[in-house]
Amino acid sequence: MPSILQPMRHAALIALLAATLTGCASVAPTSAIAPASQRHGSTLPAAAELGLSTGTPSRHWWHALQDERLNTLVSTAMQHNQDRLAAVAAVRQARALAGLAERDALPQGSLSAQAQAQRPSLAEVDPYRQGLDRPPSQRLATIAQMVSWEIDLFGRVGTASAVAQRQADAAAATAHSAEALLQAEVVRHYVLLRLYQHDLARWQEERDTLRQRYTVVQARERAGLADARETWAAQGQWAQSQAALAQTQAALHGTRAALAVLVGRAPTTQGSVQDAAWEALLAPDTTATGPALPAVPAATGIVQPSDLLARRPDVARADAQLRAALGETVLADRAHLPRLSLNLTAGLNAPFGALGKSSAVRYAAGPALQWDWLDAGRIRARAAAAKAGDEVAWHQFEHTVLQALADSESALRNWGAAHSAWQQAQQAEAAAASAAQYAQSRAHAGLEPPTEALQQQAQWLQARRSAIAQQADALQAYAQVQLALAAWQPDAQNAAGEPAAPMARAAP
């Protein structure tokens, strides 16, 4: 008998070696961002028109606004914003799942112990009623150790690990996007807060001016020097200023609440030390000209990144999802291939008190092959679905790339237009101030009625509000440019503040 088993054992080993050598390697698809950059080009025409330099944008781009309270708000939001913390936790979850998928290629062992008293029934012992005696009950103890190791012949385990890594990359890109949006939202709401504070002060001045003008026009009408229509027009302007003042107050409170939510605090809490510090951050910065807005950065402070698509979080997420879909397609194509595992079981099985005897030892070792040859078309349907999902991911990636380029181009052009409009609004404000001073001097000399001087004063206040509004638009356009050009990208860390995870390697 041994002479017969020996050739069979050799043949089995040769077959196993041949199957191992002819197996498929795991697949980890490469990134599609670099080919997309070459295919579509990442040089923006608006960047050339604005004369922007090429390089690496600053990670802390909001520092260019030169507002320490804004810097504090952004730092606080990065620590306590709930959406960002949830995204960071999702990254840790995805990485843990990726580590779980990677460990599927390692052996798995289990230890079991069992004690039982058993006695078969008479129907089991004598099913044909031959008069056999029913054996007595027996008490058995079993201790077993099992080790199983699946041989990744066709790279399915490695490919599944690569897919899980790409899903972790997608989660990290989502967290990066949450960080970028959070920074831009804090800047946007902070600018709106300062704008509404300034508008509130200007509307109060304009309301008082229009009220004074309405009183003067009423007196002139009673003296027969003005028409009733002038009185009605002056009353209408005064009423409109009161309505605008109420709307500005409501918008101011809404912006304060939005900022509170962004930094992870309830907008309804009051009375604590933290609330005093919070109120100090949001208090208006009163200067000689009223509450000030952050400074508008110069156009030279905007830098076009040379790797624009690689820095965009939406493109990185679409690329990771595309690579994961490619891996899923590979897994579906290899689902019909067999599975080979090496199993080892060793243990003791004997009545109570006899486990130490050599006769209680039991073991089993050898390979196990499983091949699902009948699936009623399920594997083919899975492959078709995976292929369609691959096409969906590809088109979504292409759309994301095109949209990223369009967003960056439009953001740069919007910044250029907003910056120019702000400069023109400053000139209009200076002209309105000169006209108000000239009208005031003529009214003091008796060359014009005082109503004209008050009207010019109100127009100057309107020009000031318009200039501040254009400044706020320029600041928000600057934030949108930084968001579009992906200045948020960390240098060598991910959203969780940990070193970047290494790329999955293909099995040899």
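Going from the alpha-carbon gyration tensor of the stretch 176-271, what semi-axes, largest first and in whole Å, does one get by taking the root of 5 times each eigenvalue? Could the numbers behind the result be given before it?
Values: eigenvalues 363, 31, 15 Å².
The equivalent ellipsoid of the stretch 176-271 has semi-axes of 43, 12, 9 Å.
Going from most exposed to least, what order do His63, His40 have by accessible area with a 1.4 Å probe? Display every interim value, and only then the final one.
Working: His63 95, His40 70 Å².
Final ranking, largest accessible area leading: His63, His40.
Give me the compactness ratio for the stretch 213-253, meaning the Cα radius of gyration over 2.2 N^0.38 Å.
On the way: Rg = 13.6 Å, N = 41, 2.2 N^0.38 = 9.0 Å.
That works out to 1.51 for the stretch 213-253.
Give me the percent of accessible area attributable to carbon and sulfur for the stretch 108-195, probe 1.4 angstrom.
Values: 2420 of 4550 Å².
Accessible surface attributable to carbon and sulfur in the stretch 108-195 totals 53 percent.
Counting other C-beta atoms within 10 Å, and keeping those with at most 14, which DSSP coil trypsin sites (Lys or Arg not before Pro) do you find in the stretch 31-138? Working shown, then result.
Details: sites: Arg39, Arg59, Arg69, Arg84, Arg92, Arg95, Arg103, Arg129; in loops: Arg59, Arg129.
Listed in order of number, the matching sites are Arg59, Arg129.
For the chain, build the charge dipole from Cβ charges (+1 Lys, Arg; -1 Asp, Glu) around the Cα centre, then report which of Ala94, Ala251, Pro57 sits farthest towards its positive end.
Of the candidates, Ala94 comes out farthest on the positive side.
In degrees, nearest 10, range 0 to 90: what is the angle between the Cα axis of helix 156-222 and the longest Cα principal axis of the chain?
So the inclination is approximately 20 degrees.
Length gain on complete extension for the stretch Ala123 to Ile151, per 0.36 nm per residue less the alpha carbon to alpha carbon distance? Don't skip to the answer; put the middle values down first.
Numbers: separation 28, 0.36 × 28 = 10.08 nm, distance 4.35 nm.
Residue separation times 0.36 nm, minus the Cα-Cα distance, leaves 5.7 nm.
For the chain, take the longest principal axis of its alpha carbons; what is the angle in degrees between that and the long axis of helix 313-333, to the nearest 10 within 0 to 90?
Computed tilt is about 20 degrees.
Heavy atoms of the protein only, probe of 1.4 Å, neighbouring chains included. What is the accessible area of His60 in Å², nearest 10?
Here the accessible area works out near 90 Å².
Taking just the alpha carbons, could you work out the radius of gyration and Dmax for the stretch 318-458, both in angstroms?
Computed over the Cα atoms of the stretch 318-458, radius of gyration and Dmax are 40.8, 126 Å.
Out of all DSSP beta bridges in the chain, what portion is antiparallel? Express it as a percent rounded to 5.
Numbers: 36 of 39 bridges.
That works out to approximately 90 percent antiparallel.
If you compute Cα extents along the principal axes in Å for the structure shown, which of (i) 61, 55, 45; (ii) 62, 53, 50; (iii) 134, 55, 40 do you land on?
The value computed from this structure is option (iii).
Specify which residue in the list His80, Leu200, Val481 is farthest towards the positive end of the charge dipole of the chain, using unit charges on the beta carbon of Lys, Arg (+1) and Asp, Glu (-1), about the Cα centre.
His80
Which net charge results for the neighbourhood of Leu140, defined as the other residues with beta-carbon distances under 15 angstrom from its beta-carbon, given Lys and Arg at +1 and Asp and Glu at -1? Numbers along the way, then the final one.
On the way: positive: Arg119, Arg139, Lys357, Arg362; negative: none.
With Lys, Arg at +1 and Asp, Glu at -1, the neighbours total +4.
Distance between the C-alpha centers of the stretch 113-127 and the stretch 177-207? Whole Å please.
Answer, in whole Å: 81.
Dipole size in debye (nearest 20) for the chain around its Cα centre, Lys and Arg Cβ +1, Asp and Glu Cβ -1?
Working: 42 positive and 42 negative charges, 318 e Å.
Magnitude of the dipole: close to 1520 debye.
With every protein chain kept in place and ligands, DNA and RNA left out, what is the accessible area per residue of the stretch 95-209? Probe 1.4 Å, answer in Å². Show your work: numbers first, answer last.
On the way: 6000 Å² over 115 residues.
Here the per-residue accessible area is 52 Å².
Rounding to the nearest 20 debye, state how big the charge dipole of the stretch 292-361 is about its Cα centre with +1 on each Lys and Arg Cβ and -1 on each Asp and Glu Cβ. Working shown, then result.
Values: 7 positive and 5 negative charges, 59 e Å.
In total the dipole reaches around 280 debye.
Report the one residue of Ala445, Thr231, Val361 whose Cα lies farthest in the direction of the positive end of the charge dipole of the chain (charges on C-beta: Lys and Arg +1, Asp and Glu -1; origin at the Cα centre).
Going by the charge dipole, the pick is Val361.
Before I look further, what does the stretch 278-427 give for accessible area per residue, probe 1.4 Å, in whole square angstrom? All intermediate terms of the calculation are to be shown ahead of the outcome.
Details: 8150 Å² over 150 residues.
Computed with neighbouring chains in place, this is 54 Å² per residue.
Longest exposed-loop-site-free stretch of the chain, with chymotrypsin sites (Phe, Trp or Tyr not before Pro), DSSP loop and at most 12 other Cβ within 10 Å? Intermediate results must be reported in sequence, preceding the final value.
Working: sites that count: Tyr128, Phe352, Trp371, Trp373.
Here the longest run is 129-351.
Using protein chains only and a probe of 1.4 angstrom, how many square angstrom of Ser359 are accessible, to the nearest 10?
Its heavy atoms expose roughly 100 Å² to the probe.
At 222 nm, what helix-only mean residue ellipticity would the chain give, in deg cm²/dmol to the nearest 500, using -39500 (n - 2.57) for each DSSP H run of four or more?
Numbers: 13 runs with 311 residues, N = 508.
Per the formula, -21500 deg cm²/dmol.
For the chain, take the longest principal axis of its alpha carbons; what is the angle in degrees between that and the long axis of helix 273-282, to the nearest 10 within 0 to 90?
Result, in degrees: 60.
Give the long-range amide H neighbours of Glu448: residues separated by 5 or more places, or on another chain, with amide H under 5 Å away, using H modelled in the peptide plane at 1.01 Å from N.
Long-range HN contacts for Glu448: Ala443.
Over all alpha-carbon pairs in the stretch 155-200, figure out the percentage whose distance exceeds 11 Å. Could the numbers behind the result be given before it?
Numbers: 741 of 1035 pairs.
Percent of Cα pairs beyond 11 Å in the stretch 155-200: 72.
For the stretch 326-372, what is the largest minus smallest coordinate of the Cα atoms on each principal axis, given in angstrom and ordered from greatest to least?
Taking the Cα atoms of the stretch 326-372, the three principal extents are 57, 15, 13 Å.
The values are calculated or read from the model by the stated rules, or taken from the named source; none is laboratory data. Since we're looking at a predicted model, the values are computed, not measured. Counting neighbours? That spans all protein chains shown, and the Cβs are built from the backbone with ideal geometry, glycine included. All accessible areas refer to the heavy atoms of the entire protein, side chains included, with ligands and DNA or RNA removed. Shrake-Rupley method; radii C 1.70, N 1.55, O 1.52, S 1.80 Å.
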